[in-house]
Amino acid sequence: MVWNVNLPDAEWHSPRAPLALQGTPAGSSWRFDIEPLVREIADHDLIALDTETTGLNIVKDTPLYWSMSWTMNSGKERRVCMPSDTLPYFSSIFKDANKRWVLANAKYDMHILANVGILLAGECCDSQVMHALLYEEQSHKLKDMAKEVLGWKWTDFKDTFGILKDKSIQESLVWMEHNNLDKLVEYASNDAYGTLKIYHTLKKELEEAITYSAYPNEFRSMADIFFKTEMPYTKVLWKCERHGIKINADYLASISGPAQAEIEQLEREITHAAGRPLNVNSTPQLRQLFITELQLKPLTYTNGGKSGIKQPSVDADFFDHYKNEVPLAKLVLQYRELTKLKGTYIDGLSRQMDPFHRIHTRFNQDVARTGRLSSSEPNLQNIPTAENDKFKLRGAFIPCDDKHELIVIDYEALEMRLLASATVGTHGNPEGAKDMIQIFLDKKDIHMGNAALMMGKRFGVTYEEIVAAKKMDKYVKEGKEPKERLTDRMIQCLKWRAQVKNIAFGLNYGMRENKLARDLGIEKSEAAALMEAYMDMHPAVRAFFQEAVEETEKTGFSYTFIGRRRFHPEIHSKRDMERFEAQRKAVNNNIQGTAADVVRFAMLNIDAESLDYHYGCKMLLQVHDELVFECPKETVAAVKPIIRERMEHPFYTDMAVPLTVAMGTGESWLNAK
DNA sequence: CACTCAAGCGCG
DNA sequence: AAAGCGCGCTTGAGTG
């Protein structure tokens, strides 16, 4: 219930008599007139829509009531609520491709409607995504947006219907229709009405949010970013969610028992080694044992959270450090690794399968501040990679049947390529980081190339020598070669590569010598010298980082390549910590955000190819720089070059460094790499 | 019992 | 003096 705003009448339209005939109180009216409503709606192409549902599950829940809001030609605003059995009357409206639907958390309602056979042919405009582009630090939930954007004071679902604690969402809603129809209609119709009001306000604000883009004609304001990239993206992502990915349920079931047995065995060993039962999942218990009783010196301290009380960390680094002198430390590491795999992935994924053993993640467009997606319920963007997973869980992600394969495509060193491209033009230097760009043009591994450049003069090491070392390392790991063949010099080469890689990534995140020294186990001065050497090797990289900070100081924002912007109010903070943090975020947003733009454009490009229609090929997953498709075996060969082309040329023009992808196909996510 | 927070850890 | 970006899930522990 909104109580500080004048609202249009809340209308209840139903083909059947109200369940509660004890009168419809003032402010709402009950009519049997659905057909006139359909004719009225047909004339309008901007409609807000919202559903009240049986629950929050996108696979199985369905609409109970639904609401629409629009503005009549006369200027009169309408907000109507209906029971879900009116939905079929509006099928011609839903099939109208010229409509623009406005929804808060659009993909959710699109799933709920699809669960009763309704697809929205028109544009789907998510007001939460609009809000996220302008107010990335705020909540984008409908009620919170209404408060911030419109100044509405609005009782949320829980407070409106929460009087029935022991009842489900469905029971609460139906109870309300029986006992207080007016309250139901008022609440539900307002979800749509508020969404429409927010749309109009945010559209204007997006248009006024001028940005800097490499394509100023295409992207002048954040409204261009939203309507040209984010709004169509919503539908693409909805299709990925809707299709889901098949899980080999038998495989998950088959490893659950053995994993549990291993955990229990470890528990017994830990009890024996500790001399008493110990809950390894309890951080305080671990601190008590390892810090207080065994008197081990802490390596780092926790953040302390709200209270600010910093405690010794008992994380993986800590136990790794002491694993040789304290056998129990090694057991704790093994226990943590196993329980993580079992709890989060084996059991977690098993819980999330639909009846056909498919998992439908949610790709959230309004969470990551950089423009990346996030994935939840379950998160499919943090499934362990093969090297860290003895159960090989990616092998459990499979195509729908044996006539299909998975296609897995990764961008190669995407962020490094974007960084190299972005150095062109910094400080008026048209060549940019030309040595780094050359490594890419020569189709070399960037970290080996950098290592050879940096260590070459001092240690006489060549690119080819590092390649050979990496190759030998791989063979030794695969058991193809005895480990004696990996010479000390080769190990040194690998170390150099790892160091340079650490520096390169670290710089993208704003890392300082303290952290590098800790990571590499070297002196702070040595770490500082390494970072300086790296920057001296690529002066344009240093210039790029400087310019990124300067631009943010000047405008308050950082900007991706296409002009997606992020606000950094702390860039002028007097407190060093805050200011440095803003600088790190600004620098990183350029790179991570541009990478997110690349992948978003690639997915839009691929969607426009209608691969499903032409080849039966469906896009399923995005993992930041990786896409997963499910494709009939006989069309794989035709589809692959299309995907490659669309991914390697995402924008209107190419950048200084070409983008490349690595493709693989197979019977699972594991062996398609 | 339901909720929140902190710590830890999986991914890019 | 301090300083690695971006996410989501599980657990234990504390609170209402």
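The values are calculated or read from the model by the stated rules, or taken from the named source; none is laboratory data. All values derive from a computational prediction rather than experimental measurement. All Cβ positions, glycine included, derive from the backbone under ideal geometry; neighbour counts span all protein chains shown.
Please find, within the stretch A:556-576, the residue that is modelled with the lowest pLDDT out of those that are more than 27 Å from the chain's Cα centre (by Cα) and part of a helix (DSSP H, G or I). Give the steps one after another, and end with the answer.
So in the stretch A:556-576, the residues more than 27 Å from the chain's Cα centre (by Cα) come out as A:572-576.
In the following step, the residues that additionally are part of a helix (DSSP H, G or I) were identified as A:572, A:576.
Numbers: A:H572: 97, A:D576: 94.
Per the stated criteria, the residue is A:D576.
Cβ separations smaller than 8 Å between residues 6+ apart or across chains give the following pairs from the stretch A:585-599 residues that are under 10 Å from A:D625 (Cα atoms) to residues that are assigned to a helix (DSSP H, G or I) and more than 11 Å from DNA strand B (Cβ to nearest atom): A:A595/A:L418; A:V598/A:L418.
Among the residues in the stretch A:627-636, are any surrounded by fewer than 19 Cβ atoms within 10 Å (Cβ to Cβ), free of Cβ contacts under 8 Å to residues at least 40 places away in the same chain, within 16 Å of DNA strand C (Cβ to nearest atom) and of a type outside the set (K, R)? No, there is no match, as no residue in the stretch A:627-636 is surrounded by fewer than 19 Cβ atoms within 10 Å (Cβ to Cβ), free of Cβ contacts under 8 Å to residues at least 40 places away in the same chain, within 16 Å of DNA strand C (Cβ to nearest atom) and of a type outside the set (K, R).
Residues are listed down the side, and each one gets a yes or a no for (1) within 16 Å of DNA strand B (Cβ to nearest atom); (2) polar (S, T, N, Q); (3) surrounded by fewer than 16 Cβ atoms within 10 Å (Cβ to Cβ); (4) not in a helix (DSSP H, G or I):
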{"residue": "A:C493", "(1), (2), (3), (4)": "no, no, no, no"}
{"residue": "A:Q499", "(1), (2), (3), (4)": "no, yes, no, no"}
{"residue": "A:L507", "(1), (2), (3), (4)": "yes, no, no, no"}
{"residue": "A:L530", "(1), (2), (3), (4)": "no, no, no, no"}
{"residue": "A:F545", "(1), (2), (3), (4)": "no, no, no, no"}
{"residue": "A:A548", "(1), (2), (3), (4)": "no, no, no, no"}
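Look at (1) within 16 Å of DNA strand C (Cβ to nearest atom); (2) modelled with pLDDT under 95 and you find that A:F363 fails only one, number (2).
When the stretch A:266-292 is limited to residues that are among the β-branched types (V, I, T) and surrounded by 12 or more Cβ atoms within 10 Å (Cβ to Cβ), the one that is farthest from A:Q334 (Cα to Cα) turns out to be A:I291. Within the stretch A:308-327, the set of residues being surrounded by 14 or more Cβ atoms within 10 Å (Cβ to Cβ), within 8 Å of DNA strand B (Cβ to nearest atom) and not in a helix (DSSP H, G or I) comprises A:Q311, A:P312, A:S313, A:V314, A:D315. Every condition in (1) part of a helix (DSSP H, G or I); (2) crowded, with 23+ Cβ neighbours inside 10 Å is met by A:R579 except one, and the failing one is (2).
Just one of A:Y251, A:Y301 is away from DNA strand C (no atom under 15 Å from the Cβ), of a type in the set (F, W, Y) and farther than 30 Å from A:G371 by Cβ; which is it?
A:Y251
Scanning the stretch A:567-593 for residues that are within 10 Å of DNA strand C (Cβ to nearest atom), aliphatic (A, V, I, L, M) and touching a helix residue (DSSP H, G or I) at 6+ places or on another chain (Cβ under 6 Å) gives A:A582, A:A586, A:V587, A:I591. Within the stretch A:347-372, which residues are away from DNA strand B (no atom under 12 Å from the Cβ), among the basic types (K, R) and surrounded by 15 or more Cβ atoms within 10 Å (Cβ to Cβ)? Correct list: A:R358, A:R362.
Matching residues to (1) surrounded by 16 or more Cβ atoms within 10 Å (Cβ to Cβ); (2) closer than 22 Å to A:K235 by Cβ:
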{"position": "A:F557", "(1), (2)": "yes, no"}
{"position": "A:E570", "(1), (2)": "yes, no"}
{"position": "A:V598", "(1), (2)": "yes, yes"}
{"position": "A:H614", "(1), (2)": "no, yes"}
{"position": "A:P658", "(1), (2)": "no, no"}
{"position": "A:V661", "(1), (2)": "yes, no"}
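Exactly one residue out of A:E171, A:E177 is buried (at least 19 other Cβ atoms within 10 Å of the Cβ), modelled with pLDDT under 95 and not small (G, A, S): that is A:E177. Do we have any residue at all in the stretch A:87-110 that's free of Cβ contacts under 8 Å to residues at least 12 places away in the same chain, closer than 29 Å to A:W175 by Cβ and of a type outside the set (D, E)? Yes, there is a match, as at least one residue in the stretch A:87-110 is free of Cβ contacts under 8 Å to residues at least 12 places away in the same chain, closer than 29 Å to A:W175 by Cβ and of a type outside the set (D, E). Within the stretch A:542-579, being over 21 Å from A:D224 (Cβ atoms) and touching a Phe, Trp or Tyr at 6+ places or on another chain (Cβ under 8 Å) holds for one residue alone: A:H568.
Within the stretch A:373-388, the set of residues being over 21 Å from A:V599 (Cα atoms), near DNA strand B (Cβ under 6 Å from one of its atoms) and surrounded by fewer than 17 Cβ atoms within 10 Å (Cβ to Cβ) comprises just one member, A:N388. For the stretch A:512-529, the condition holds for at least one residue, the condition being that it is over 31 Å from the mean Cα position of the chain (by Cα), within 12 Å of DNA strand C (Cβ to nearest atom) and not aliphatic (A, V, I, L, M). Residues in the stretch A:207-226 include at least one that is more than 30 Å from A:E405 (Cα to Cα) and among the basic types (K, R). Exactly one residue out of A:K297, A:K330 is in a helix (DSSP H, G or I) and either more than 10 Å from DNA strand B (Cβ to nearest atom) or among the hydroxyl-bearing types (S, T, Y) (or both): that is A:K330.
Here A:T344 meets each of (1) at pLDDT 95 or above; (2) surrounded by fewer than 18 Cβ atoms within 10 Å (Cβ to Cβ); (3) outside any helix (DSSP H, G or I) with one exception, condition (3). Just one of the listed residues (A:V280, A:V236) is part of a loop (DSSP other than H, G, I, E, B) and at pLDDT 95 or above, and it is A:V280.
Can you find a residue in the stretch A:261-269 that is of a type outside the set (D, E), more than 23 Å from A:K342 (Cα to Cα) and either within 15 Å of DNA strand B (Cβ to nearest atom) or more than 36 Å from the chain's Cα centre (by Cα) (or both)? Break it down into steps so the answer makes sense when it comes.
So the first thing to find is which residues in the stretch A:261-269 are of a type outside the set (D, E), and the list is A:261, A:263, A:265-266, A:268.
Then drop every residue that is not more than 23 Å from A:K342 (Cα to Cα), which leaves none.
Checking the stretch A:261-269: not a single residue is of a type outside the set (D, E), more than 23 Å from A:K342 (Cα to Cα) and either within 15 Å of DNA strand B (Cβ to nearest atom) or more than 36 Å from the chain's Cα centre (by Cα) (or both).
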